[in-house]
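What follows is a short report on a single structure.
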Amino acid sequence: MKYGRWGTTGRAARDRLRRCRSIANALDLPVPFDAAQLIATMAEQRGRPIELMPTRWQPGVPCGLLVSAEQADYIAYAADTAPLHRQHILVHELSHLLCGHDGTLSPELTPHLSAGLVRSVLGRTVYSDPQEQEAELLASLILQRAVWALPTRPAADPFADSALWPDGRG
């Protein structure tokens, strides 16, 4: 058996790409692109709230986290990072929902929440996990479509300014 990127077989990687392209192509993306607006639209279409929870990033803690509770889904994200990175985190966590991923309750990430309250937790820590790979691929395809959906092709990178930190660092 021949393994490709991330230790998957060529067929598994092709199947994952095909599935993610299908999901990404079915989305009606806002123009100009805004991850929070896309998430609000998806919450409305699903008939289930998705709450955004900005947090301060800390070493050793995922920069994004999806918590599915009984009444709503919650996306915690590092708010103190570059806008482009923030968009990617939000779309990555949304991608877990779009792919129908199930998480496992992680007491390390949610010590103050009971197992009865939380249905699943998905945090971005290990990219060798197939669900993380799929969410990362889908997020990249969605953001790629966002650039293609611009009314005119920009001469410069449309995300160049958003790659800067809020204080202007590059």
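The values are calculated or read from the model by the stated rules, or taken from the named source; none is laboratory data. The model shown is predicted, which means the values in this text are computed figures rather than measured ones. For neighbour counting, all protein chains shown are included, and Cβ atoms are generated from backbone atoms with ideal geometry for every residue, glycine included. Just so you know, the surface numbers come from the protein's heavy atoms only, side chains and all, with ligands and any DNA or RNA stripped out. Shrake-Rupley method; radii C 1.70, N 1.55, O 1.52, S 1.80 Å.
Summary of computed values
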item: Residue that is modelled with the highest pLDDT [pool: residues in segment 126-159 that are of a type in the set (Gly, Ala, Ser) and open to solvent by 50 Å² or more (accessible area, probe 1.4 Å)]; result: Ser140
item: Test: residue in segment 50-69 that is closer than 29 Å to Leu150 by Cα, in contact (Cβ under 8 Å) with a residue 60 or more places away in the chain and open to solvent by 30 Å² or more (accessible area, probe 1.4 Å); result: no
item: Tally of residues being assigned to a loop (DSSP other than H, G, I, E, B) and surrounded by fewer than 12 Cβ atoms within 10 Å (Cβ to Cβ) across segment 8-49; result: 4
